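The structure under discussion appears below in the form of structure tokens.
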């Protein structure tokens, strides 16, 4: 029994714990100012939990441009302005379709929203809703993302 536990630890658990995270890019969509500032959250396709748009870096695009592209595809966001540098990052564990867990570090770019499209690529696959930053922080699961939202 001890050999089985040791083998599981060495071959499966330990590599997950010590594997460097993969990088994703994320958009933090905001509108308004001061007390009227709001954050747009979307639901994930798998679990339906509240998240911000994110995805993998894209060849030929800066990370900020890739984050804006993800925001368009996932939420129909027509950006007014995207920050060229990330405003922060957060970590989470992404579970793939095979059940394999991958550590992710999401670099977050502030995205000022001009308008929302009525139709967009992932319409019908996700919900989207505006929240005050503090309420948005309560809705998301990732601690690092909660902290970024509270700092808004």
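We did not get these values from a lab; they are worked out from the coordinates using the rules stated. Not measured: the values here are computed from a predicted model. Heads up, the Cβs are rebuilt from the backbone with ideal geometry, glycines too, and the neighbour counts pull from every protein chain shown.
Of all DSSP beta bridges located in the chain, what percent are antiparallel, nearest 5? Show your work: numbers first, answer last.
Details: 23 of 33 bridges.
Percent antiparallel among DSSP bridges in the chain is about 70.
If you find the alpha carbon centre of the stretch 60-79 and of the stretch 90-152, how far apart are they in angstrom?
13
Add -39500 (n - 2.57) for each DSSP H run of 4 or more in the chain, then divide by its residues: what number comes out at 222 nm, to the nearest 500 deg cm²/dmol?
On the way: 5 runs with 41 residues, N = 152.
Dividing the helical sum by the residues of the chain leaves -7500 deg cm²/dmol.
Determine, for each peptide in 43-52, 103-112, the mean count of other beta carbons within 10 angstrom over its residues, then list the peptides with the highest first. Don't skip to the answer; put the middle values down first.
On the way: 43-52: 15.1, 103-112: 20.7.
Sorting 43-52, 103-112 by mean packing, highest first, produces 103-112, 43-52.
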